[in-house]
Amino acid sequence: MNGVPQAPRDGSSGELANDYDGPCAVCGAVVTAGAGVLRHGRTGGWKVYHPEHVREPTPPARLDHSGWHRRPLLALDIATTGNRAAVDRILTASVRTSDGVVRDWIVDPGSNLLSVASGKTHGMTIERARREGVPAADALGEVADLLAGHLAAGELLVVWFAPHVLSLLHAELLRHGVEVLTARLPGGVAPVCDPLVLDRHADRYRPGRRSLEAVTRWYGIPHTRPSDAASDAEATLALAQVVGACYPAIARLSRPVLHAEQIIWNAESSRHRPGAPDWPMTPVEPLPWEEPPAR
(Lines give C-alpha, C1' and ligand atoms only; values in the text may rest on other atoms or scores of the structure.)
Protein backbone atom coordinates (compact mmCIF):
# COMPACT_ATOMS: atom_id res chain seq x y z
CA MET A 1 0.00 0.00 0.00
CA ASN A 2 1.13 3.57 -0.60
CA GLY A 3 0.57 4.68 2.97
CA VAL A 4 -0.96 7.78 4.50
CA PRO A 5 0.68 11.17 4.90
CA GLN A 6 2.47 12.12 8.07
CA ALA A 7 4.51 15.21 8.82
CA PRO A 8 6.70 16.83 6.16
CA ARG A 9 9.89 14.87 5.45
CA ASP A 10 12.02 17.83 6.44
CA GLY A 11 11.59 21.39 7.52
CA SER A 12 12.24 22.89 4.09
CA SER A 13 10.69 20.68 1.43
CA GLY A 14 7.21 20.45 2.87
CA GLU A 15 6.85 17.05 1.14
CA LEU A 16 4.99 14.14 2.73
CA ALA A 17 6.73 10.81 3.28
CA ASN A 18 5.29 7.31 2.86
CA ASP A 19 4.60 5.26 6.00
CA TYR A 20 4.85 1.95 4.17
CA ASP A 21 6.78 0.29 1.37
CA GLY A 22 5.05 0.77 -1.98
CA PRO A 23 5.67 0.80 -5.73
CA CYS A 24 6.88 4.03 -7.31
CA ALA A 25 4.17 5.50 -9.51
CA VAL A 26 6.78 6.18 -12.23
CA CYS A 27 9.18 3.20 -12.32
CA GLY A 28 7.28 0.59 -10.32
CA ALA A 29 10.24 -0.28 -8.11
CA VAL A 30 9.66 -0.50 -4.35
CA VAL A 31 10.03 2.71 -2.38
CA THR A 32 10.95 1.85 1.19
CA ALA A 33 8.97 3.37 4.03
CA GLY A 34 9.99 6.93 4.78
CA ALA A 35 12.17 7.24 1.67
CA GLY A 36 9.57 8.36 -0.85
CA VAL A 37 7.42 11.38 -1.61
CA LEU A 38 3.63 11.18 -1.42
CA ARG A 39 1.41 13.12 -3.79
CA HIS A 40 -2.37 13.13 -3.91
CA GLY A 41 -3.70 11.71 -7.18
CA ARG A 42 -5.99 13.82 -9.36
CA THR A 43 -8.86 11.36 -8.91
CA GLY A 44 -8.22 10.62 -5.24
CA GLY A 45 -5.86 8.47 -3.22
CA TRP A 46 -2.16 8.85 -2.65
CA LYS A 47 0.75 7.87 -4.87
CA VAL A 48 4.35 7.37 -3.78
CA TYR A 49 7.42 8.33 -5.80
CA HIS A 50 11.16 8.00 -5.53
CA PRO A 51 12.35 11.56 -4.83
CA GLU A 52 14.19 11.67 -8.16
CA HIS A 53 11.00 10.72 -10.02
CA VAL A 54 8.79 13.47 -8.59
CA ARG A 55 7.60 15.90 -11.23
CA GLU A 56 5.79 19.15 -10.73
CA PRO A 57 2.08 18.64 -11.41
CA THR A 58 0.68 19.92 -14.69
CA PRO A 59 -2.85 20.20 -16.07
CA PRO A 60 -4.13 17.43 -18.33
CA ALA A 61 -3.43 17.65 -22.05
CA ARG A 62 -5.97 19.50 -24.16
CA LEU A 63 -7.64 16.85 -26.31
CA ASP A 64 -9.53 17.02 -29.60
CA HIS A 65 -13.11 15.98 -28.89
CA SER A 66 -16.59 17.36 -29.33
CA GLY A 67 -18.58 18.92 -26.52
CA TRP A 68 -20.26 22.04 -25.20
CA HIS A 69 -16.88 23.83 -25.13
CA ARG A 70 -17.08 24.02 -28.94
CA ARG A 71 -20.59 25.45 -28.99
CA PRO A 72 -21.52 29.16 -28.84
CA LEU A 73 -20.50 30.49 -25.43
CA LEU A 74 -21.13 33.89 -23.87
CA ALA A 75 -19.00 35.00 -20.91
CA LEU A 76 -20.03 37.75 -18.49
CA ASP A 77 -18.04 39.56 -15.83
CA ILE A 78 -18.68 42.64 -13.72
CA ALA A 79 -16.68 45.01 -11.54
CA THR A 80 -18.53 46.17 -8.45
CA THR A 81 -18.26 48.32 -5.36
CA GLY A 82 -18.10 45.17 -3.23
CA ASN A 83 -19.39 41.64 -2.74
CA ARG A 84 -22.71 42.26 -0.97
CA ALA A 85 -25.31 41.06 -3.47
CA ALA A 86 -28.18 43.13 -2.09
CA VAL A 87 -26.23 46.33 -1.41
CA ASP A 88 -23.29 46.78 -3.75
CA ARG A 89 -23.41 48.29 -7.24
CA ILE A 90 -22.11 47.39 -10.67
CA LEU A 91 -19.57 49.85 -12.08
CA THR A 92 -18.49 48.02 -15.25
CA ALA A 93 -19.72 44.99 -17.17
CA SER A 94 -18.18 43.04 -20.02
CA VAL A 95 -19.41 40.34 -22.39
CA ARG A 96 -17.25 38.15 -24.60
CA THR A 97 -18.53 35.43 -26.93
CA SER A 98 -16.85 32.52 -28.65
CA ASP A 99 -17.74 34.00 -32.03
CA GLY A 100 -15.97 37.28 -31.31
CA VAL A 101 -18.61 39.62 -29.87
CA VAL A 102 -17.03 42.21 -27.55
CA ARG A 103 -19.22 44.47 -25.40
CA ASP A 104 -18.10 46.66 -22.52
CA TRP A 105 -20.06 49.08 -20.36
CA ILE A 106 -19.13 51.66 -17.77
CA VAL A 107 -22.19 51.95 -15.54
CA ASP A 108 -23.25 55.18 -13.87
CA PRO A 109 -24.48 53.91 -10.47
CA GLY A 110 -26.70 56.92 -10.05
CA SER A 111 -25.21 58.30 -6.85
CA ASN A 112 -21.99 59.79 -5.60
CA LEU A 113 -22.76 58.61 -2.07
CA LEU A 114 -21.06 55.28 -2.68
CA SER A 115 -17.59 53.89 -2.12
CA VAL A 116 -15.51 51.02 -3.42
CA ALA A 117 -14.53 48.40 -0.86
CA SER A 118 -10.84 48.35 -0.03
CA GLY A 119 -10.41 44.80 -1.30
CA LYS A 120 -11.53 45.68 -4.83
CA THR A 121 -8.61 46.18 -7.22
CA HIS A 122 -10.38 46.82 -10.55
CA GLY A 123 -9.44 50.50 -10.47
CA MET A 124 -12.85 51.90 -11.42
CA THR A 125 -13.82 54.79 -9.15
CA ILE A 126 -17.28 56.09 -8.39
CA GLU A 127 -16.29 59.46 -9.83
CA ARG A 128 -15.19 58.00 -13.16
CA ALA A 129 -18.27 55.78 -13.39
CA ARG A 130 -20.50 58.83 -12.81
CA ARG A 131 -18.54 60.91 -15.31
CA GLU A 132 -18.14 58.38 -18.15
CA GLY A 133 -20.84 55.82 -17.49
CA VAL A 134 -24.13 55.01 -19.20
CA PRO A 135 -27.20 55.30 -16.93
CA ALA A 136 -27.47 52.03 -15.03
CA ALA A 137 -30.95 51.17 -16.32
CA ASP A 138 -29.78 51.49 -19.94
CA ALA A 139 -26.49 49.63 -19.52
CA LEU A 140 -27.89 46.82 -17.40
CA GLY A 141 -30.90 46.51 -19.68
CA GLU A 142 -28.57 45.87 -22.62
CA VAL A 143 -26.63 43.30 -20.60
CA ALA A 144 -29.83 41.52 -19.58
CA ASP A 145 -31.10 41.50 -23.19
CA LEU A 146 -27.91 39.81 -24.39
CA LEU A 147 -27.91 37.24 -21.61
CA ALA A 148 -31.61 36.42 -21.92
CA GLY A 149 -31.38 35.95 -25.68
CA HIS A 150 -28.38 33.64 -25.35
CA LEU A 151 -29.92 31.56 -22.57
CA ALA A 152 -33.29 31.35 -24.30
CA ALA A 153 -31.48 29.68 -27.21
CA GLY A 154 -30.26 27.00 -24.80
CA GLU A 155 -26.61 28.03 -24.99
CA LEU A 156 -24.24 28.24 -22.03
CA LEU A 157 -23.66 31.46 -20.11
CA VAL A 158 -20.11 31.31 -18.74
CA VAL A 159 -19.59 33.09 -15.40
CA TRP A 160 -16.72 32.75 -12.94
CA PHE A 161 -18.19 32.41 -9.42
CA ALA A 162 -21.72 32.70 -10.76
CA PRO A 163 -23.47 33.23 -7.37
CA HIS A 164 -21.68 36.56 -6.91
CA VAL A 165 -22.18 37.87 -10.43
CA LEU A 166 -25.72 36.68 -11.11
CA SER A 167 -27.16 37.45 -7.66
CA LEU A 168 -25.74 40.97 -7.67
CA LEU A 169 -26.93 41.51 -11.25
CA HIS A 170 -30.44 40.40 -10.21
CA ALA A 171 -30.54 42.94 -7.38
CA GLU A 172 -29.24 45.71 -9.63
CA LEU A 173 -31.84 45.01 -12.31
CA LEU A 174 -34.58 45.24 -9.69
CA ARG A 175 -33.05 48.41 -8.24
CA HIS A 176 -33.14 50.18 -11.61
CA GLY A 177 -36.53 48.91 -12.76
CA VAL A 178 -35.23 46.52 -15.44
CA GLU A 179 -36.89 43.16 -16.01
CA VAL A 180 -34.80 40.48 -14.29
CA LEU A 181 -33.55 37.30 -15.96
CA THR A 182 -35.76 35.06 -13.83
CA ALA A 183 -38.82 36.84 -15.25
CA ARG A 184 -37.55 36.61 -18.83
CA LEU A 185 -36.64 32.92 -18.67
CA PRO A 186 -39.53 30.67 -17.54
CA GLY A 187 -37.16 27.73 -17.18
CA GLY A 188 -34.81 29.62 -14.88
CA VAL A 189 -31.38 31.16 -15.39
CA ALA A 190 -29.86 28.20 -17.19
CA PRO A 191 -27.74 26.71 -18.59
CA VAL A 192 -24.80 28.26 -16.77
CA CYS A 193 -21.17 27.15 -16.91
CA ASP A 194 -19.01 28.18 -13.95
CA PRO A 195 -15.33 27.31 -14.54
CA LEU A 196 -14.64 27.62 -10.81
CA VAL A 197 -17.09 24.79 -10.08
CA LEU A 198 -15.75 22.73 -12.99
CA ASP A 199 -12.12 23.08 -11.90
CA ARG A 200 -12.87 22.29 -8.26
CA HIS A 201 -14.69 19.13 -9.35
CA ALA A 202 -12.25 17.99 -12.03
CA ASP A 203 -9.09 18.53 -9.97
CA ARG A 204 -10.37 18.61 -6.41
CA TYR A 205 -7.11 17.67 -4.71
CA ARG A 206 -4.86 20.26 -6.34
CA PRO A 207 -3.33 22.48 -3.65
CA GLY A 208 -3.26 26.24 -3.85
CA ARG A 209 -5.70 29.08 -4.38
CA ARG A 210 -8.64 28.88 -6.76
CA SER A 211 -8.84 32.54 -7.74
CA LEU A 212 -9.42 33.28 -11.41
CA GLU A 213 -5.85 34.56 -11.64
CA ALA A 214 -4.41 31.38 -10.09
CA VAL A 215 -6.55 28.98 -12.12
CA THR A 216 -5.84 30.66 -15.46
CA ARG A 217 -2.13 30.55 -14.61
CA TRP A 218 -2.43 26.80 -13.89
CA TYR A 219 -3.98 26.14 -17.30
CA GLY A 220 -1.59 28.50 -19.10
CA ILE A 221 -4.26 31.00 -20.13
CA PRO A 222 -3.26 34.66 -20.61
CA HIS A 223 -4.88 36.98 -18.08
CA THR A 224 -3.32 40.38 -18.38
CA ARG A 225 -5.43 42.53 -16.06
CA PRO A 226 -6.93 40.53 -13.16
CA SER A 227 -10.06 42.14 -11.64
CA ASP A 228 -10.71 44.17 -14.81
CA ALA A 229 -14.12 43.01 -16.07
CA ALA A 230 -13.06 42.87 -19.73
CA SER A 231 -9.91 40.88 -18.99
CA ASP A 232 -11.78 38.61 -16.57
CA ALA A 233 -14.52 37.91 -19.13
CA GLU A 234 -11.92 37.01 -21.78
CA ALA A 235 -10.06 34.75 -19.34
CA THR A 236 -13.27 33.10 -18.13
CA LEU A 237 -14.38 32.30 -21.67
CA ALA A 238 -10.99 30.80 -22.53
CA LEU A 239 -10.93 28.86 -19.26
CA ALA A 240 -14.30 27.22 -19.96
CA GLN A 241 -13.06 26.13 -23.37
CA VAL A 242 -9.79 24.78 -21.98
CA VAL A 243 -11.41 22.87 -19.11
CA GLY A 244 -13.76 21.28 -21.64
CA ALA A 245 -10.78 20.32 -23.80
CA CYS A 246 -8.88 18.86 -20.82
CA TYR A 247 -11.73 16.77 -19.41
CA PRO A 248 -13.72 14.86 -22.08
CA ALA A 249 -16.15 13.38 -19.56
CA ILE A 250 -17.22 16.89 -18.54
CA ALA A 251 -17.22 18.27 -22.10
CA ARG A 252 -19.54 15.55 -23.37
CA LEU A 253 -22.29 16.30 -20.86
CA SER A 254 -25.31 17.93 -22.44
CA ARG A 255 -25.80 21.56 -21.50
CA PRO A 256 -28.81 20.88 -19.22
CA VAL A 257 -26.99 18.02 -17.51
CA LEU A 258 -23.84 20.13 -17.09
CA HIS A 259 -25.93 22.79 -15.34
CA ALA A 260 -27.59 20.22 -13.07
CA GLU A 261 -24.30 18.53 -12.22
CA GLN A 262 -22.71 21.82 -11.21
CA ILE A 263 -25.43 22.31 -8.59
CA ILE A 264 -24.36 18.98 -7.06
CA TRP A 265 -20.62 19.59 -7.49
CA ASN A 266 -20.87 23.04 -5.91
CA ALA A 267 -22.80 21.63 -2.95
CA GLU A 268 -20.11 18.97 -2.47
CA SER A 269 -17.25 21.45 -2.56
CA SER A 270 -19.11 23.87 -0.25
CA ARG A 271 -19.80 21.40 2.56
CA HIS A 272 -17.09 22.89 4.73
CA ARG A 273 -17.78 26.53 3.84
CA PRO A 274 -20.69 27.67 6.05
CA GLY A 275 -22.86 30.28 4.40
CA ALA A 276 -21.69 29.46 0.87
CA PRO A 277 -24.25 30.88 -1.60
CA ASP A 278 -26.57 28.75 -3.69
CA TRP A 279 -25.46 28.02 -7.22
CA PRO A 280 -25.90 29.57 -9.74
CA MET A 281 -27.66 32.48 -8.03
CA THR A 282 -30.02 33.71 -5.33
CA PRO A 283 -32.79 36.15 -6.34
CA VAL A 284 -32.08 38.79 -3.69
CA GLU A 285 -34.03 41.98 -3.13
CA PRO A 286 -31.99 45.19 -3.31
CA LEU A 287 -31.25 47.02 -0.07
CA PRO A 288 -30.27 50.66 0.53
CA TRP A 289 -26.62 51.59 0.40
CA GLU A 290 -24.51 51.04 3.51
CA GLU A 291 -20.82 51.71 3.84
CA PRO A 292 -18.85 48.46 3.89
CA PRO A 293 -17.69 47.41 7.36
CA ALA A 294 -14.18 48.43 8.31
CA ARG A 295 -11.64 45.71 7.73
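Observations on the model:
- Computed on protein heavy atoms with a 1.4 Å probe, the accessible areas place ASP199, ASP228, ASP138, ASP108 in the order ASP138, ASP228, ASP108, ASP199, largest first.
- The solvent-accessible area of LYS120, taken with every protein chain present and a 1.4 Å probe, is close to 60 Å².
- Per-pair calculated FRET efficiency, R0 = 51 Å: HIS272 and ASP21 via Cβ, rounded to 0.05: 0.95
- Kirkwood hydrodynamic radius over Cα pairs of the chain, then Stokes diffusion coefficient at 4 °C and 1.567 mPa s, in µm²/s: 62 µm²/s
- DSSP assigns beta bridges within the range 43-176; of those with both partners inside it, close to 70 percent run antiparallel.
- Heavy-atom accessible area per residue - the chain, 1.4 Å, Å²: 48 Å²
- Listed residues VAL215, VAL178, VAL48, most fluctuating in the chain (Gaussian network, C-alpha, under 10 Å): VAL48
- Computed about its Cα centre, the charge dipole of the chain is approximately 520 debye, with only Lys, Arg, Asp and Glu carrying charge at their Cβ.
- If both residues of a DSSP beta bridge must be in the chain, then about 75% of such bridges are antiparallel.
- The label point for ARG131 and the one for ALA61, both projected 7 Å from the Cα toward the Cβ, are 5.3 nm apart.
- Electrostatic dipole magnitude of the range 38-81 [Cβ: Lys, Arg +1; Asp, Glu -1; Cα centre; debye, to 20]: 160 debye
- Under Karplus coefficients 6.51, -1.76 and 1.60, residue-wise ³J(HN,Hα) of the range 228-245 in Hz, glycine/proline x: 6, 4, 5, 5, 5, 5, 4, 5, 5, 4, 4, 5, 4, 5, 6, 4, x, 6
- The range 186-295: GluC sites (Glu not before Pro) in DSSP coil with no more than 16 other Cβ atoms inside 10 Å: GLU290
- Across the options VAL159, PRO109, VAL134, the greatest Cα extent toward the positive end of the charge dipole of the range 100-259 (unit charges at beta carbon of Lys, Arg, Asp, Glu) belongs to VAL159.
- Under the convention that each Lys and Arg Cβ holds +1 and each Asp and Glu Cβ holds -1, the size of the dipole of the range 170-295 around its Cα centre is about 500 debye.
- Shown for the range 187-295: the carbon plus sulfur share of the solvent-accessible area, taken with all protein chains present and a 1.4 angstrom probe, equals 56%.
- All alpha carbon pair distances within the range 168-235 were sorted into 5 Å bins beginning at 0; the resulting P(r) in whole percents reads 3, 13, 18, 16, 16, 15, 12, 6, 1.
The values are calculated or read from the model by the stated rules, or taken from the named source; none is laboratory data. Keep in mind it's a predicted model, so treat the numbers as computed, not measured. Methodologically, a virtual Cβ is constructed for each residue, glycine included, from the backbone with ideal geometry; neighbour enumeration extends over all protein chains shown. Surface accessibility is based on the protein's heavy atoms, side chains included, excluding ligands, DNA and RNA. Shrake-Rupley method; radii C 1.70, N 1.55, O 1.52, S 1.80 Å.
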